[in-house]
Amino acid sequence: MLDQKPALFEEIQLRNLTLPNRIIIAPMCQYSAIDGQATDWHLIHLGNLAQSGSGMLIIEATAVEARGRITHGCLGLYNDETENALSKVLNACKKYGNTPIGIQLGHAGRKASANPPHNGGTPLTEKQGSWETIAPSNIPFSNDWHRPKEMDLGLMKKVIKAHVQAVMRCERIGFDAIELHGAHGYLVSSFLSPIANRRTDEYGGKIENRMRFPLELFAAMRDEWPSSKPMGVRFNGTDWDDKGLIIEEAVEFAHSLKKLGCDFFDISGGGNSLSRPEVKPGYQAQFAAAIKKATGIPTMAVGMIRDPQIAERLVSDGTCDMIAIARGFLFEPRWPWKAAYELSGKGNYPEQYARANPLLWPQAFPNTPELNNSNHSWEIGAAPHIMVPKN
Ligand SMILES: Cc1cc2nc3c(=O)[nH]c(=O)nc-3n(C[C@H](O)[C@H](O)[C@H](O)COP(=O)(O)O)c2cc1C
């Protein structure tokens, strides 16, 4: 246990939204929607995560048009049916949960029209209901993938409009934050990457040109979103490929996003080619650090961060401002409670679960003498589920 209040459990302000801590639930596709509409799976899955006391829950990549879904099972926000279905889930999460809720809006571009990973992740066949995909250039993701249609200026405008309309729906149903999906080789990412973007017009070539469409898109979305609410972008710090986007280019993109009023960055990597990095805990944090240092914008690191001590170190040493966790939350949906217990942080329990707080049954944690001694940094507040700092 730490003597001081852990950095991971400090609040962070993004415009008018206060995140109670620095632990972010990363977006995770569930492939469980029907015609883009959220189902009871989403209600259970997200409802559960919304009770974890995390700093923010970011809902999975949600397509702004049907063509922008990765699979038939991907979530969408492009008509009244998809809006109503998501609204039902969001209302339940807000009513019973204790975490701010954001959503990742995106478009799968040339990686759309695919089977979900549990069915191989391969491109859909015609028999499986494949559809035409779109991209900056008509180059398939790999040899056996769909050849996408190259976007002309008219189509680029239409796709921007679809994003803006999805932003309007987000505002109507009450999301707290939006993250634009600009990573992993999907549409925005494919414009940024020299692997996927081989255009010879003002939208291709050097990074100033490759980021033109992503910036136009972001500016239009930001313009539609209330100025009180934060909007951020997830993008690659690297394509993990010699021929791909490099960190210096990612930093340039970040500087331009900052000028457009971007409130946070979520730095990931890969997905524009089949090339894969060697992974280990925090393997992408160096890219978050470089972007945070260059811009001063609140930045998340993501990638195999599961150990609370590592998460705490990344935030306390200034590598990043927040950490995003994906698989760790599937494995341990109350990860913030575990981290609070291990680091002496402030666990946030719904009142129905208040009695799970280790401080209320310390005898069950015999290997943590601090819990049984009055010198631990946190104590039980007026109600048993409220922990207040000791001073
Ligand atoms: C089931 C699953 C679904 C995912 N879906 C998305 C997604 O919708 N959008 C996204 O940007 N990343 C997605 N990712 C990537 C994660 O957000 C995260 O960046 C990655 O898993 C590395 O973090 P981790 O090591 O904590 O899992 C997904 C990952 C998993 C495991």
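Computed from the coordinates by the stated procedures, all read-outs in this text should not be read as laboratory data. These numbers come from a predicted model, not from an experiment. All Cβ positions, even for glycine, are placed from backbone atoms using ideal geometry, and neighbour counts span all protein chains on display.
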Q. Modelled label-to-label distance, K258 and Q352, 7 Å Cα→beta-carbon offset: nm?
A. 4.4
Q. Expressed in nm to one decimal, what extension gain is obtained for the pair K338 and K95 from 0.36 nm per residue of sequence separation less their Cα-Cα distance?
A. 85.1 nm
Q) What ranking, highest mean first, results for peptides 122-129, 37-44, 185-192, 207-214 when packing means the other Cβ atoms within 10 Å averaged over each residue? A) 185-192, 207-214, 37-44, 122-129
**Q.** Cross-link partners of K258 among lysines (Cα-Cα below 21 Å; sequence separation of 8 or more within a chain)
**A.** K206, K229, K292, K293
Q: On a C-alpha basis, how far is the centre of region 43-67 from the centre of region 101-116 in Å? Whole number, if you could?
A: 14
Q: Excluding residues fewer than 8 places away in the same chain, name every one of the lysines whose C-alpha is closer than 22 Å to that of K346.
A: K5, K94, K95, K338, K390
(Q) Checking understanding here: applying a Kyte-Doolittle mean of at least -1.0 and a length along the axis of at least 27 Å (C-alpha), which whole DSSP H helices in the chain pass? (A) 153-173
Q. Taking neighbour counts of Cβ atoms within 10 Å as a proxy for exposure, in what order, fewest first, do M168, M156, M300 appear?
A. M168, M156, M300
(Q) If I take R0 = 25 Å and measure r between the Cβ atoms of D317 and E370 in this structure, what FRET efficiency does the formula 1/(1 + (r/R0)^6) give, to the nearest 0.05? (A) 0.60
Q: Report, for the chain, the % of DSSP beta bridges that are antiparallel, rounded to 5.
A: 20
Q. So how strong a dipole does region 46-90 carry about its Cα centre when Lys and Arg Cβ are +1 and Asp and Glu Cβ are -1, to the nearest 20 debye?
A. 120
Q: State, as an integer percentage, the relative contact order of the chain based on alpha-carbon contacts under 8 Å between residues 6 or more apart.
A: 16
Q: Two decimals is fine: what's Rg over Rh for the chain, C-alpha atoms, Kirkwood radius as Rh?
A: 0.98
Q: Find how much the distance from D201 to D35 grows on full extension, using 0.36 nm per residue of separation minus their present alpha carbon separation; answer in nm with one decimal.
A: 56.2 nm
